[in-house]
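The values are calculated or read from the model by the stated rules, or taken from the named source; none is laboratory data. Since the model is a prediction, treat every value here as computed from it, not as a measurement. In this analysis, Cβ positions are derived from the backbone assuming ideal geometry, glycine residues included, and neighbour counts consider all displayed protein chains.
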Amino acid sequence: MKIKLESSSKNKTELLCGFVPEESSRVLGLPEYDDVKITSSINQSIRDNGGKLGNLTIIPISGKKPASRILLAGIGKKNKMTNDTLRFVSGKIALKARELKLKEFTIIAPPSFVNEIASTVSQIVEGAKMSVYKFDKFRAEKENAPPDLTIVCLRSAKVVKAIRSSEIIADGAIFTKSMANLPPNECNPSTLAGFARTISNKNKMRCKIISKSELKKNGFGGITAVGQGSKNEPKLIILEYSHGAKNKKPILLVGKAVTFDTGGISLKPGDNMNEMKFDKCGGCTVLGIMKAASELKLPINLVGIVPSVENMPGGESYRPGDIVKLYNGKTAEILNTDAEGRLILADALAYGEKQYSPQAVIDFATLTGACIVALGTNVAGMVSNDERLAKRIFDSSKRTSEEVWQLPLNQDYMDMIKSDVADMKNMGIGRAAGTITAAAFLQNAIEKTPWVHLDIAGVAWTQTATKEKPYNPKGATGFGVRLVLDYLQNLRA
Ligand code: BES
Ligand code: ZN
Ligand code: ZN
């Protein structure tokens, strides 16, 4: 989808789209038509549909007008608008344009009294681009090529920059989705390492892949244990993007990438086990952010670390009862081989903190089913050791409508993972506070750095209870990419 900016809606287009608020009797930004017939059809449609959120009405235009059709897109009541409304409606418009097999369409950006203009154009771009992505790599029947988009808006440096940035950000989220959607037979730890290498070559990042034998030699006991049951060997993927001052500490991103989670010897039940191909979503999010951050040329230093394994049962697998030594020297008693994410993340977090002395760490993981029980499938769980960092992530979450909610982590939770035979155990007490006890395990790997953990188990892909959004078609959502890029873009502000 190519996107361009124009200052007037008088140019030729197959579909001219304007937004209609529920209480309004006009289309925001649509020029007056001198033709009474057109004006009265528009007015009639507004009276009939009243700008209800998500409602789309198409009015064909006859005669020699520049637009062949006008589309009225309802945005609901103005005081109910969120930072997601225009993204949602823009996504619906783009899907409609594709359904009509159009080559291009035009959206008139509403004026700034409705919504701040940079946010408006960003939402339009993200909604349109992300909604026409479809995972059809393995289907003979493909979607039509997506139509190109013209945005009508007064040209300013701010608007041009917002459009360019949000194109890159949407592409980052799409990159994440397209990896995360891959089936487990087509995407193992080496495949992910290959993707990381490709973006590092294109975007001038350093890429280091640590292989199984080196992991074992260097004390990555968590990654080694979880990975030993699969013939697809584990990899630790490291990307470095250095575009800030030389002495400036980097931000560290860490993402769980279990390319398939069977549960291992503590085998999962069969129902929906196929969905555990999405257990690599955290790692895919990190790669999507690294790609976009480097294309945006953000003036920062950023490191992405992705521990990647396949969790399989077999003669070589790790077992309940095993005691493994993590990268930081602490030992963990394995009580359930299905609680594997915390083991590989603990290694990656400890390594990242030691190697890079980061100013902040953010990790992403489809870590616990308990998070879905606690928060459902539209809000990610957040646990942190630093209120300032947590607040910044929360603010970005509000701006991007990738919602997070913080859960507490105090000493009592830390005590719940104490083991009789090792320094820690890899699960808490029964089903109590499963998301927090998992986070408590991770906090043991962090010495002193401000850290935010995002449990994306409920939001990383569309599940039965997921709220339908046009820009999140079935499958992986790329959750976290827009959120953390917002945080990174606002770092120096
Ligand atoms: N990858 C799963 C968590 C998960 C489950 C994410 C369902 C999304 C949907 C994780 O590795 C896991 O299995 N965790 C266990 C931990 C338990 C054994 C302490 C869980 O949540 O049941
Ligand atoms: Zn598991
Ligand atoms: Zn898992």
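Tabulated data
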quantity	calculated
Helices (runs of 4 or more DSSP H) wholly inside region 151-236 containing at least 2 residues that are out of contact with any Pro (no Cβ under 8 Å at 6 or more places or on another chain) and closer than 24 Å to PRO299 by Cβ	157-180, 189-202
Counted residues, region 327-349 - those being more than 16 Å from ligand 2 (Cβ to nearest atom) and either farther than 16 Å from LYS235 by Cα or assigned to a strand (DSSP E or B) (or both)	5
Region 10-26, residues that are part of a loop (DSSP other than H, G, I, E, B), out of contact with any Leu (no Cβ under 6 Å at 6 or more places or on another chain) and closer than 28 Å to TYR133 by Cα	ASN11, LYS12
Considering residues of region 351-381 that are closer than 18 Å to MET414 by Cα and surrounded by 24 or more Cβ atoms within 10 Å (Cβ to Cβ) only, the residue farthest from ligand 3 (Cβ to nearest atom)	GLY381
Number of the exception - GLU32 against (1) in a loop (DSSP other than H, G, I, E, B); (2) in contact (Cβ under 8 Å) with a residue 12 or more places away in the chain	(2)
Number of positions in region 217-238 that are surrounded by fewer than 16 Cβ atoms within 10 Å (Cβ to Cβ), of a type in the set (D, E, K, R) and closer than 19 Å to GLY352 by Cα	1
Residue match in region 400-415 (condition: within 16 Å of ligand 3 (Cβ to nearest atom), assigned to a strand (DSSP E or B), within 30 Å of ARG87 (Cβ to Cβ) and modelled with pLDDT of 95 or more)	no
So LYS297, is it touching a helix residue (DSSP H, G or I) at 6+ places or on another chain (Cβ under 8 Å) and either more than 16 Å from ligand 3 (Cβ to nearest atom) or of a type in the set (Asp, Glu) (or both)	no
Residue match in region 299-316 (condition: without any contact (Cβ under 8 Å) to a residue 60 or more places away in the chain, within 30 Å of GLN463 (Cα to Cα) and within 11 Å of ligand 1 (Cβ to nearest atom))	no
Condition check for ASP347: assigned by TED's automatic domain parsing to the domain that holds ILE209, touching a residue at least 40 places away in the same chain (Cβ under 8 Å), out of contact with any Lys or Arg (no Cβ under 9 Å at 6 or more places or on another chain) and within 16 Å of ligand 3 (Cβ to nearest atom)	yes
Selection count, region 353-381, where residues are touching a Ser or Thr at 6+ places or on another chain (Cβ under 9 Å) and more than 16 Å from ligand 1 (Cβ to nearest atom)	6
Scope region 29-70; condition under 19 Å from LEU100 (Cβ atoms) and of a type in the set (D, E, K, R); matching residues	LYS65, ARG69
